[in-house]
């Protein structure tokens, strides 16, 4: 067993656990977006940054940082609130997240995070990029305007379904999720139409066709349930 | 001199839904009269923006040259400028035009011929982008929501007037 401190409170952890897992076991809430139970953690969204006091106050993503003996971790502070809110603002301004007519309005993890972190406006200029939608699949749609590039769809597809349909293309702010090296979704030869990517998606970027504004309810927990019954290969 | 708080409301490029939500205050509008005087608003018959405004609630994006002038004028005349609803805060629906060029948008709407809004004329020129208020002026407070519901608006007004600081929290700041 490993002993560490979370917000001054001593907690026990097993070797190989991450700071986020230990926090969740102890009922300490750390905001997350790209993390999804059942998928390998990637640490891409940076919302779960925590402060390690005895590493000179270094900020580390809780979802991918393994615990160590004697670690002193701060999960809530004014500094962290400020940093997380700035990260969230960046996520909002990067694409066209227009909540009012989104299929996921009211059931969106990005929108929930704005409520949780008290973000009532974005202080930086919005980018308003011109982005496409892919509606070529018969059952599902993809709206790049609402994508936060968290890679949950990519991981659900490769790690749980084993289809490897989803991937990234481009670099930096131009990074896009892509199907089979860049073909329209409806022409994919690898997609099994299982819909796990849609359920894993935290926003309205992936949705079931035919749902109206605010009508897209998702069950991201099915990823955990599937992996509990059928452990991941890698 | 009246001791009532002087409130103004303005409607830029938005659907007026925020003003409709304001009217949804219903009987609380009577109570509001005890606390505040609405000195300028689409529902007040006054052409010029008066001086000495305490709180200006502004709905909609800044979409035209005229709106931008009005925004700057009310910023000079008001103690607190409040972005009222999602359009004024994020750009929301009117900002859907921003990714494309303005002239193409006008052409798509009005066809070839005369394009109102292309140049300054009977109707004011349309700005290159439909932007939220904070793109142009300092904004003091934000009331998110599309539209913000009447309870949210009421709490904002009452806490601002009675406690000196508006206090919206939790679900009361949800966008959409």
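The values are calculated or read from the model by the stated rules, or taken from the named source; none is laboratory data. All values derive from a computational prediction rather than experimental measurement. For neighbour counting, all protein chains shown are included, and Cβ atoms are generated from backbone atoms with ideal geometry for every residue, glycine included.
Which of the residues spanning segment A:200-234 are assigned to a loop (DSSP other than H, G, I, E, B) and either farther than 27 Å from residue A:136 by Cα or not assigned by TED's automatic domain parsing to the domain that holds residue A:150 (or both)? Break it down into steps so the answer makes sense when it comes.
Filtering segment A:200-234 down to residues assigned to a loop (DSSP other than H, G, I, E, B) leaves A:201-205, A:209-220, A:230-234.
Scanning segment A:200-234 gives A:230, A:231, A:232, A:233, A:234.
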All conditions in (1) farther than 21 Å from residue B:155 by Cα; (2) in a helix (DSSP H, G or I); (3) in contact (Cβ under 8 Å) with a residue 60 or more places away in the chain are true of residue B:62 except (2)
Fill in: Residue match in segment A:82-90 (condition: more than 14 Å from chain B (Cβ to nearest Cβ) and more than 18 Å from the chain's Cα centre (by Cα))
yes
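Please report, ordered by residue number, the strands (runs of 3 or more DSSP E) entirely within segment B:76-176 with at least 2 residues that are under 19 Å from residue A:129 (Cα atoms). Let's see the steps before the verdict.
On the way: elements: B:78-84, B:126-131, B:141-143.
Here the list reads B:126-131.
Just the residues that are crowded, with 17+ Cβ neighbours inside 10 Å and farther than 18 Å from residue A:91 by Cα, please, taken from segment A:25-63. Full working, then the answer.
First, the residues of segment A:25-63 that are crowded, with 17+ Cβ neighbours inside 10 Å: A:28, A:30-36, A:38-39, A:41-52, A:60-63.
A:28, A:38, A:39, A:41, A:50, A:51, A:52, A:60, A:62, A:63 - these are the residues of segment A:25-63 that are crowded, with 17+ Cβ neighbours inside 10 Å and farther than 18 Å from residue A:91 by Cα.
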Across (1) closer than 22 Å to residue A:98 by Cβ; (2) part of a loop (DSSP other than H, G, I, E, B); (3) touching a helix residue (DSSP H, G or I) at 6+ places or on another chain (Cβ under 8 Å), residue B:50 clears everything bar (1)
Residue hits (segment B:148-171; farther than 20 Å from residue B:80 by Cα and within 9 Å of another protein chain (Cβ to nearest Cβ)) are B:170, B:171
Considering segment A:121-144, residues that are within 11 Å of chain B (Cβ to nearest Cβ) and crowded, with 19+ Cβ neighbours inside 10 Å, and then whichever is nearest to residue A:170 (Cα to Cα), we arrive at A:128
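Is there a residue being within 25 Å of residue B:15 (Cα to Cα), crowded, with 19+ Cβ neighbours inside 10 Å, touching a residue at least 24 places away in the same chain (Cβ under 8 Å) and within 14 Å of chain B (Cβ to nearest Cβ) anywhere in segment A:145-165? Break it down into steps so the answer makes sense when it comes.
Residues of segment A:145-165 within 25 Å of residue B:15 (Cα to Cα): A:145-146.
After this cut, where a residue has to be crowded, with 19+ Cβ neighbours inside 10 Å as well, the list is A:145-146.
With the extra rule that they be touching a residue at least 24 places away in the same chain (Cβ under 8 Å), the set shrinks to A:145-146.
Filter once more, so that each one left must be within 14 Å of chain B (Cβ to nearest Cβ): A:145-146.
Scanning segment A:145-165 turns up at least one residue that is within 25 Å of residue B:15 (Cα to Cα), crowded, with 19+ Cβ neighbours inside 10 Å, touching a residue at least 24 places away in the same chain (Cβ under 8 Å) and within 14 Å of chain B (Cβ to nearest Cβ).
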Given the conditions (1) part of a strand (DSSP E or B); (2) in contact with a helix residue (DSSP H, G or I) (Cβ under 7 Å, 6 or more places away or on another chain); (3) within 13 Å of another protein chain (Cβ to nearest Cβ), every one holds for residue B:56 apart from (3)
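Looking at this structure, is residue B:68 away from chain A (no Cβ under 14 Å) and either crowded, with 18+ Cβ neighbours inside 10 Å or in a helix (DSSP H, G or I) (or both)? Reasoning before the result, please.
On the way: away from chain A (no Cβ under 14 Å): yes; either crowded, with 18+ Cβ neighbours inside 10 Å or in a helix (DSSP H, G or I) (or both): yes.
Against the criterion (away from chain A (no Cβ under 14 Å) and either crowded, with 18+ Cβ neighbours inside 10 Å or in a helix (DSSP H, G or I) (or both)), residue B:68 qualifies.
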Tell me, yes or no, whether segment B:107-120 has at least one residue that is touching a helix residue (DSSP H, G or I) at 6+ places or on another chain (Cβ under 6 Å) and within 12 Å of another protein chain (Cβ to nearest Cβ). no
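A quick yes/no check of all residues on (1) under 18 Å from the mean Cα position of the chain (by Cα); (2) modelled with pLDDT of 95 or more:
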residue	(1), (2)
B:76	yes, yes
B:85	yes, yes
B:90	yes, yes
B:98	no, yes
B:106	no, no
B:114	no, no
